[in-house]
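Notes follow the structure.
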Amino acid sequence: MLLFTFAAFLCAFAAAIANSYARSALEADTLTTRDPSSLRADLGHSIYQGYHNATSKLDVFKGIRFAEPPLGRLRWQPPKPPSTNRNKTVDAQEYSLICPQNNVGMGPATRPTNDTGTSEDCLFLNVWAPRSHGGAKLPVMVWIHGGAYGFGNGRYDFSDLINTNNNSFVGVSIQYRLGAFGFLSSDEVHRKGVPNAGLLDQHLALEWVQQYIHLFNGDKNRVTLAGESAGAGSVMLHAMAYGGTRAGRELFRNVFGASPYLPPQYGYKDWIPSQSYYAFASAAGCDARDPYLHEGALPIFECLQGKDSRTLINASMTVSAAGLYGALAFAPATDGTFVQQRPSVQLAEGKVNGVNGLFGNNANEGFLLVPQTIKTEKALVEWLKITFPLFSDADIKAVLDTYPSTDAPDNPEAPLFATNGISGPTAVNQSSLGTGQQQRATLIYGEATFGHGYKYQFSVPPSIHSADLPAYFPTVPSMTAHPFPSDFSTAFQTLIGNFVVNSNPLISSLVANGVSTGNMSRSVVSDWPVFDGERGSLQVDLNTTCTGYVAGDLKKREFPYCAGEDNQFSVVDADTWEGGRGRRCEFWRDMGRLVPE
């Protein structure tokens, strides 16, 4: 699982610089110009009109097309750069439509799908650009949104994050094909199109940055590729792209991943992705069982390319909703070209693109993706067998031994509280959201599916998956929409900004302690340790003091949260953290042969 890939991943970044590849088809051309007075960007093929935000002091361009509409015969094909259209200046002051959204196995689908505001023609990006600092080009942060490879969009406003960092870098957010549109896979898709079309959309957006970002005061040689959840999982796959030998430093230098999500990664024609393909075709009205029985019938692939968007959106939703709780019907696959190996194999070999990496996890990642019905060890075992179908009874016992429970069947009256990671109850059995067997399942899934142990942990309760987003993108909707203390957000945003600008997350003691406190005494975080899995396993824990909990109703998905005040940052040993995460990491390393990741 992803858990055991981080040490190798970081060592590879420290030890190897990937080979560069042949210059992209998206070479910078001499026709591109920028007119600061009118905020028009001439990209050669099109001219875009942005606007200046007087409050943030940023030039903003929204809805810039980076690819042709992937419709009809362009479905499940590599994205194509935009064709020339200079008939008029394109208004870039509003966001584009978002890509069709897809259920991810969290409950029944509603048909027909509400596709208002969505379109297959969704391959657009947005730019937030400070005015030039004395003519110097600025570093660039490219953001890939999360959403389990099935939902989400690029409407992440960089203004607050950039302003906190003294307008020292350019922000870019992108969109990519989702669900079946972006991650359909089978032998037929491989022969007639491409698996991982969504990843190739992201790749083309990175090539766009290389060609055009200088028009927005950006430095193409100082790009940080960043994302959260599936966006962070995508970041890791780009770090592995083409076997870790083609992209080198030419597309990005740094990678930042918050809670990387890499679900089971099958080969493009393995049984599971193939079954999803045929189920999708059947749901779309392309007879997957016998397409040639009647005269004039189209092959499945061509039939799908000819269907209308709503039919395909409904089919994608229907197949996804029919899956197991938390499972994905459409996800990245090993395609042999862009994604050549499973992460657990390639990252262990140190074959990566880029130079520097910053990764983190949230303390309670697994909660949202684990059914909340696991009250006994028997129920836990049944869930484990479904979640890890290749595990034998002996393997299941090994999981239970690695995550030992100190509780009998759940006590619904047991108090809920966050563990401190060092002493007392551990996250194996206790959190602010669950206890006993339910929490045991949450931690197993979290440590087996999301990235742990590198650089930092976000621990502000409830610290569920994505709860950290509002701390650095405060305008983005979140499952936990409560505000964070300004000192905490400032510190979190600054460490991210410093990584983008300086390639390390070091922050001053004043910022780490809390700007409002005026406390400049030495903070351990200002000497942020490097985690490489060999020289040390130290990580930073990001938390706040907790003056009390604001109650919530978990049955209504209302999460209790900590009414924190002062920053509480510390350096901890990831190996001994939460009752021995290092030992559990080794367990998943050994079990990797039975998990396709």
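Here are some notes:
- Taken over the stretch 496-526, the criterion of being surrounded by fewer than 22 Cβ atoms within 10 Å (Cβ to Cβ), assigned to a helix (DSSP H, G or I), of a type in the set (S, T, N, Q) and over 26 Å from the mean Cα position of the chain (by Cα) is satisfied by SER509, SER516, THR517, SER526.
- Test set (1) part of a loop (DSSP other than H, G, I, E, B); (2) at pLDDT 85 or above; (3) small (Gly, Ala, Ser) - GLY453 fails condition number: (2)
- Hey, ALA297 modelled with pLDDT under 95, outside the structural domain of GLY350 (by TED's automatic domain parsing) and touching a Ser or Thr at 6+ places or on another chain (Cβ under 6 Å) or not: no
- Check on GLU558, closer than 23 Å to PHE367 by Cβ, modelled with pLDDT under 95 and assigned to a loop (DSSP other than H, G, I, E, B): yes
- If you go through the stretch 477-489 and keep only what is more than 25 Å from GLY154 (Cβ to Cβ) and modelled with pLDDT of 90 or more, you end up with SER486, ASP487, PHE488.
- Considering the stretch 131-162, and only residues there that are surrounded by fewer than 22 Cβ atoms within 10 Å (Cβ to Cβ) and within 19 Å of LEU39 (Cβ to Cβ), the residue that is modelled with the lowest pLDDT turns out to be HIS133.
- GLU302, sole failed condition from (1) crowded, with 21+ Cβ neighbours inside 10 Å; (2) modelled with pLDDT of 90 or more: (1)
- When the stretch 583-594 is filtered for residues that are surrounded by fewer than 18 Cβ atoms within 10 Å (Cβ to Cβ) and touching a residue at least 24 places away in the same chain (Cβ under 8 Å), the ones remaining, listed by number, are ARG583, GLU586, ARG589, LEU594.
- Pick from the stretch 137-157, criterion out of contact with any helix residue (DSSP H, G or I) (no Cβ under 9 Å at 6 or more places or on another chain) and free of Cβ contacts under 8 Å to residues at least 60 places away in the same chain, ranking: farthest from GLN93 (Cα to Cα): ASN153
The values are calculated or read from the model by the stated rules, or taken from the named source; none is laboratory data. All values reported here derive from a predicted model rather than from experimental measurement. Reconstructed Cβ throughout: ideal geometry from the backbone, glycine too, with neighbour counts over all protein chains shown.
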